[in-house]
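In what follows, a structure is listed as structure tokens, so that the remarks can point back to it.
FYI, it's all coordinate maths here, none of it is from the lab. For clarity, every value in this text was computed on a predicted model and none was experimentally measured. Cβ: placed from backbone, ideal geometry, glycine included. Neighbour counts: every protein chain shown.
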């Protein structure tokens, strides 16, 4: 058989394509469930880590419902969309959607981007967890960042990547890089400033963290990711702040009413007293 | 036009495949013994890049990425074949390289034998695959932009390899220690050139023209709240 | 017909020992440079890469060697690439399902292994022209040659650049920082990897005069 004849070449190529396709898709189908459960557990593990709960992957399934109380999905106005769970939102698709709500050229389902939000309770305190996704140097980067109830101070952050350079950009998934986010704030005098991964060092700035030497592009990717994702939640932050202000205002009102009632009671009792005098 | 010129210059000098990203080093170091073979390989790389980047662009945007197959029919809107990008890009590159190999063998047997194994190695030259992967990341708006990027990357690589070949030819007349002659000193020189190129890293050519819609929305909603804030302040004053 | 050679005959042993020095894939054949620059910032990924390359190179070399008489010359580059890519993806998929943590370490390297010139280079230069056992040995030998260069470069880059070895803070332990040593940030960047390999080549050629290039 002449190995170099055209007909043989085509035949060989065709058979090779079929064999490879069968091997790869067969493997993919057989292993899909095992892989998916690993990925799911890892996601739960990361969400838990983002509020400081460190468990190994097997325990994640058990601890997850203990700490994570709500899995909300918001729209661009910060309103809760019913019947959707944050866990099912595929962020890699959501980040590609523009949120130009009035652009009629984009079909309606694609105009509204879904914003997942997890609410957890750790040691009696409420924490808000926002999932992140962005671009590193060689591929996607992602993570979770959690905030205290003031929706301003960072409680903890977790990052991960697919293909960043080991020792450089890949350092974003080490606790060394992640721990310094705790205590940083994203608002400066009411204005949203996000958090900067600063090349050369943060110098103690409350809105900056140290960048990674040699991993500038990945560090910039983290900065952009934080900025881009967090600003989508600003309408929700505003709504939460309104609620808080309204609650505070209600408290003030009730307190003042109570004081007025007390004063009235005092003056009535004093009238009584004066008459006796 | 301005955009295209920007992309071209950027990919040659600022995003130089060899000195900024250190891709394509194997062929770069091995073939740069003479300027003549370097020009030959450099041109081959420019050619391969000039064709594979636009072809992969079409592949990525009309077949592979999510919703790309929509031109066949509405039902294909959600098909996402992006996971095949890597292997499809490699297949396109390998076919192109096979083509180039046949052409070079026919038209210049001397070049073919002096390039030796490094001609088929263009297929795994990380610079070629890297260019296609960068093209995918950079999300160019049109095939012209992608082609300009591909050609620019190729020209950058070409300049790098011809440059180092010229230096190597000149350095043959210098007093390099015997054990360092040839390959050793080339590694060191390339390292030094890499350090020098780091000075280009801070230059930004493109202005970010994207309109920031979400920030506008935030500002709108905060305006509403400010009006309410005034009301609240008034109410508080009333209470006091 | 060639006579049957002993499994570990002198010639076969050379297939393993040559790439360690006189035919080293990185310093003599000039293959695998890109990964030698990217992976060697720390010891751990360098070792993971070395082991993965060992597996892929040996198995791919054997597969191609078994197929070599059937592959049409015109598409041989594509066939070799497909074999390499399929192997790497298979390994990655199996790891992802059963040893998830290892696969996370490896996922970064998948692309780097597929485009590693060493694998393609050896398949083309040896696997396509020799029998399976010899090809296997050639794969082993070249992987060892590649591995020791990776480990040597990573050793210096991690030690001088971050003060650690395999993550363990060595320089801190021996008190070098107190003497005024600061982590050499340059070592973490690719150009220094090039210079380190250049120095290794220098040392190698001083010892092995055959490799010195004539004027």
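List of remarks:
- Cβ neighbours within 10 Å from other chains - mean over A:5-16: 3
- Rounded to 10°, Cα long-axis angle of helix C:100-114 versus longest principal axis of chain C: 70
- Size descriptors for segment C:19-123, from the alpha-carbon set: Rg then Dmax equal 14.3, 42 Å.
- Segments A:51-59, B:122-130 sorted - mean Cβ within 10 Å per residue, highest first: B:122-130, A:51-59
- Using every pair of distinct Cα positions in the protein assembly as shown, the Kirkwood expression returns a hydrodynamic radius of 29.0 angstrom.
- Mean sequence separation of contacting Cα pairs (under 8 Å, at least six apart), scaled by the length of chain A, corresponds to a relative contact order of 13 percent.
- Value at 222 nm in deg cm²/dmol, rounded to 500, when DSSP H runs of n ≥ 4 in chain A each add -39,500 (n - 2.57): -15500 deg cm²/dmol
- Interatomic Cα distance distribution for segment A:169-277, bins of 10 angstrom, percent: 12, 27, 18, 12, 10, 9, 7, 4, 1
- Two-decimal ratio, segment B:83-141, of alpha-carbon radius of gyration to 2.2 N^0.38 Å: 1.31
- Alpha-carbon Debye profile of segment B:1-152, log10 I(q)/I(0) at 0.12, 0.18, 0.21 Å⁻¹: -0.54, -1.06, -1.29
- Highest GNM mean-square fluctuation among A:131, A:166, A:116, for chain A modelled with Cα contacts below 10 Å: A:166.
- Max mean-square fluctuation residue, GNM over chain C, Cα-Cα springs under 10 Å, options C:197, C:28, C:62: C:28
- Most mobile of A:240, A:225, A:16 in a GNM of chain A (Cα contacts under 10 Å): A:16
- Longest to shortest principal axis, alpha-carbon extents of segment C:132-215, angstrom: 52, 37, 21
- For residues of A:232-244, the mean tally of beta carbons on other chains within 10 Å: 3
- Chain C - Rg (one decimal) and Dmax (whole number), Cα, Å: 19.1, 69
- One quarter of the convex hull surface built on the alpha carbon atoms of segment A:1-82 amounts to 10.9 nm², the projected area averaged over directions.
- Calculated SAXS-style log₁₀ I(q)/I(0) at q = 0.19 Å⁻¹ - segment C:8-75, Debye, Cα scatterers: -1.00
- Note that segment A:139-185 carries a Kirkwood radius of 11.2 Å, evaluated over its alpha carbons pair by pair.
- Degrees separating the helix A:234-276 axis from the principal Cα axis of chain A, which is the longest one: 10
- Size-normalised alpha-carbon gyration radius of segment B:19-62, reference 2.2 N^0.38 Å: 1.43
- Counting, for every residue in B:23-32, the Cβ atoms of other protein chains within 10 Å of its Cβ and taking the mean gives 5.
- Percent of Cα pairs exceeding the 34 Å cut-off, where the set is chain A: 38
- Inverse mean reciprocal Cα-Cα distance (Kirkwood Rh) of segment A:143-217, Å: 12.9
- Between helix A:6-49 and chain A: long-axis angle, C-alpha atoms, 0 to 90°, nearest 10: 20
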